[in-house]
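Heads up, the thing below is written out as structure tokens.
No value in this document is a laboratory result; all are computed from the given coordinates. This is a predicted model, so every value here is computed, not measured. A quick note on method: Cβ atoms are made from the backbone with ideal geometry, for glycine too, and the neighbour counts reach across all protein chains shown.
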Amino acid sequence: MSQTNFSPWDDPNGKPLIRFDNVTKKFGEFVAIDGLTLDIYEREFFALLGPSGCGKTTMMRMLAGFENPTSGTMELAGKNIAGVPPNKRAVNMMFQSYALFPHLTVWDNIAFGLKRGGVPKQQIGTRVEEMLKLTRLTKFARRKPHQISGGQRQRVALARSLAKAPKLLLLDEPLGALDKKLRQDTQFELMDIQESTGTTFVIVTHDQEEAMTVASRVAVMDEGRIIQVATPDRIYEAPNSVYVADFIGDVNIIEGTVKPAGEDLYHIDWNPNQAPLLAASERPFSDGQTAHLAIRPEKITISTEQPVDAKNTAKGTVLDIAYLGNLSTYYVQLEGGQIVKAQTANTRRLSRRSITWEDQVWISWSATAGVLLDQ
């Protein structure tokens, strides 16, 4: 989000556009959504992220009006929308398949909903031209869907969904059918379009990178519940549980028992062969409590010599190296058997690098590099 001050969720007087209040949805005995409470604000680009079957699509279908909550209330712009049919809500949904009409031109596909809504002809023309310009499709207006690329079809579906100026646009895995490079380009296009229209977007995805790129906030879901809602940087840097830390990006989880070591500092006993670790945490832990230290691989330094002043060090052997072009990930097996991933940026050419398979190495990190978690 380019608006640096855009954080209505931090405003105590902020009025949410969408409000889920203790919403439960059951299909027979199966609980798809379990007592969900959530606020989504106007102009947000909100991502629902989670594995298959976590309930994110059910949430979206309830917002669209295809499903109703079993209990709890669901509001849009202050009005309870449970039971309001899909065509009577200021909500539009863009499906993964795009669902374009093959026999209609791009222009007519975009105009379809406006014609059905009885919008005057002149207004339809103006609105369709606006949408074509917004999605950079003006020169493809007379083509049929099969005469344009997948990325362009995706933009037609988006233009059609936005033509009626909904308050809320729901996007169900909208970039799933595109190849990786095109998907990345399209993510930025989506963000630009969302910002220029001011429409609230809610996107369902299982692609964590996508959620982290496009969203103002991300809700990480599991088994019908929201585990954490936060901005992408908070989700990555300050996950509230091992589940979230593990779901987003790459992470090392080290389990041990903690004992206080000064203000907001703790020692972690984790391996009989290794010295205790030192971790900073504002979250309080009691003496002897089991905890998990989550550390991102890029926050771990790897070297062939023992570091002198590092707070946490451990010795190990390089078991594997994953070369990802811009990054290399080293899998280091420590003396107790645990494998820790350390990542370095490949700023030098391959032939200049010093660490290879089966090398004895030291890994190290600072007291503030990881997050101490209790669950």
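Of all the numbered requirements in (1) touching a Phe, Trp or Tyr at 6+ places or on another chain (Cβ under 8 Å); (2) assigned to a strand (DSSP E or B), Asn92 misses one, and that requirement is (1). Checked against (1) within 15 Å of Pro276 (Cα to Cα); (2) surrounded by fewer than 18 Cβ atoms within 10 Å (Cβ to Cβ), Leu372 meets all criteria but (2).
Do you know which of the residues in segment 2-52 that are β-branched (Val, Ile, Thr), under 21 Å from the mean Cα position of the chain (by Cα) and surrounded by 20 or more Cβ atoms within 10 Å (Cβ to Cβ) is nearest to Tyr243 (Cα to Cα)? The qualifying residue nearest to Tyr243 (Cα to Cα) is Ile33.
Quick one: would you say Asn109 is out of contact with any helix residue (DSSP H, G or I) (no Cβ under 6 Å at 6 or more places or on another chain) and outside any loop (DSSP other than H, G, I, E, B)? Considered against the rule, which asks whether it is out of contact with any helix residue (DSSP H, G or I) (no Cβ under 6 Å at 6 or more places or on another chain) and outside any loop (DSSP other than H, G, I, E, B), Asn109 comes out as no. You will find that of Gly14, Gly35, the residue that is touching a helix residue (DSSP H, G or I) at 6+ places or on another chain (Cβ under 7 Å) and either assigned to a strand (DSSP E or B) or farther than 23 Å from Asp207 by Cα (or both) is Gly14 and no other. Candidates in segment 226-260 are the residues that are surrounded by fewer than 16 Cβ atoms within 10 Å (Cβ to Cβ) and in contact with a Leu (Cβ under 9 Å, 6 or more places away or on another chain); of these, the one that is farthest from Ser7 (Cα to Cα) is Glu255. When you scan segment 336-359, do you find a residue that is part of a strand (DSSP E or B), surrounded by fewer than 19 Cβ atoms within 10 Å (Cβ to Cβ) and in contact with a Gly (Cβ under 6 Å, 6 or more places away or on another chain), even just one? Within segment 336-359 (the criterion being part of a strand (DSSP E or B), surrounded by fewer than 19 Cβ atoms within 10 Å (Cβ to Cβ) and in contact with a Gly (Cβ under 6 Å, 6 or more places away or on another chain)), the answer is no, since none of the residues qualifies. For segment 277-306, filtering for residues that are touching a residue at least 12 places away in the same chain (Cβ under 8 Å), in a loop (DSSP other than H, G, I, E, B) and of a type outside the set (Gly, Ala, Ser) leaves 10.
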